Amino acid sequence: MLNVKDLVVELGNFRLYIDELNVGQNEYFVVLGPNGAGKTVLLETIGGLNKVKKGHIFLEGKDITRVPPEEREIGYVPQDSVLFPFLNVRENVEFALKVRKYPKEKIKERVDFLSKALEISHLLHRSVKELSGGEKQKVAIARALAPYPKLLLLDEPLGSIDISASKLLRLELKRFHRELKLTTIHVTHNLLEAEELAQRLAMINEGRIEQIGTVEEIMFFPKNEIVSQFVGSVNILDVQSVKSLGCGLFEARCGE
């Protein structure tokens, strides 16, 4: 679905270099890493918001490296949602469809479908100023999905809401991804989010991808010390026998 190859982006003193990144059709892919690692830069670049110095981005085999953001067929939800405060919920979700001059009946059909899928039908006539953090995020996702994107980008979608709302929204993200079958890239620094949501994930640090794999591969088989320290993985050794020496000390016998 998405292929990033030999990508180089320079923003001031920061340099993003992605040797290769592939995301499969209908996959929920998580980009995990500490603050300042380059997660948002990567997402913005895929969405067309940053100038590429070198390399290529392909979407369904088409090179979109130089394609304007509005022509990429990608939905993007930034960290702060950026809903239009002068529009109500329905008008926010309709906005991109109206700009693209969809017929009124098609707009209504799409808004009704998304509001039902994301369970925000009861909010459609509300002002966005009256919404909770979790509700705003769901509206932002609905707005991003409205113009039928091929790929959805989520930048720290749970970062600004409280713990209980975050748990509920994680369940909602899993549900609607399962129902809509939409390829999604979710950026986070939160290990719990990655564990619960990712089908596969990439660990990024200082502008480079350190490891790509399933949650189990990243957690139990970290490729290097950087990954191990971030995910807090333990060392697991194969031994033949273990003998207690007391005071919390053990003697382990390994194979010859």
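Results, tabulated for the structure shown:
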{"item": "Unique residue being within 18 Å of the chain's Cα centre (by Cα), over 22 Å from GLY159 (Cα atoms) and surrounded by fewer than 17 Cβ atoms within 10 Å (Cβ to Cβ) when the list is PRO69, PRO34", "result": "PRO69"}
{"item": "Every pair of residues 6+ apart whose Cβ atoms lie under 7 Å, when the first sits in the range 208-226 and is in the same structural domain as LEU43 (by TED's automatic domain parsing) and closer than 22 Å to ASN35 by Cβ while the second is among the aliphatic types (A, V, I, L, M) and part of a loop (DSSP other than H, G, I, E, B)", "result": "VAL215/ALA198"}
{"item": "Conditions (1) surrounded by 15 or more Cβ atoms within 10 Å (Cβ to Cβ); (2) more than 24 Å from GLU179 (Cβ to Cβ); number of the one not met by ASP19", "result": "(1)"}
{"item": "Residue list for the range 145-204, filter: in contact with a Phe, Trp or Tyr (Cβ under 7 Å, 6 or more places away or on another chain), crowded, with 16+ Cβ neighbours inside 10 Å and farther than 22 Å from TYR17 by Cα", "result": "HIS177, LEU197, ALA198"}
{"item": "Sole exception among (1) within 30 Å of LEU192 (Cβ to Cβ); (2) exposed (fewer than 13 other Cβ atoms within 10 Å of the Cβ); (3) of a type outside the set (Gly, Ala, Ser) for VAL128, by number", "result": "(2)"}
{"item": "Answer from ARG90, ARG72, ARG110, ARG66 - the residue that is closer than 24 Å to LEU42 by Cβ, of a type in the set (D, E, K, R) and in contact with a helix residue (DSSP H, G or I) (Cβ under 9 Å, 6 or more places away or on another chain)", "result": "ARG72"}
{"item": "Selection within the range 14-35 - in a loop (DSSP other than H, G, I, E, B) and either closer than 14 Å to GLN79 by Cβ or free of Cβ contacts under 8 Å to residues at least 60 places away in the same chain (or both)", "result": "ASN35"}
{"item": "Elements of type helices (runs of 4 or more DSSP H) contained in the range 52-145, each with 1 or more residues being in contact (Cβ under 8 Å) with a residue 60 or more places away in the chain and within 30 Å of LEU7 (Cβ to Cβ)", "result": "133-145"}
{"item": "Only one of LEU118, LEU152, LEU124, LEU114 that is closer than 25 Å to PHE29 by Cβ and either in contact with a Gly (Cβ under 7 Å, 6 or more places away or on another chain) or modelled with pLDDT of 90 or more (or both)", "result": "LEU152"}
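The values are calculated or read from the model by the stated rules, or taken from the named source; none is laboratory data. As the structure is a computational prediction, the values presented were derived from the model and not from experiment. Cβ sites come from the backbone with ideal geometry, for glycine too, and all protein chains shown count toward neighbours.
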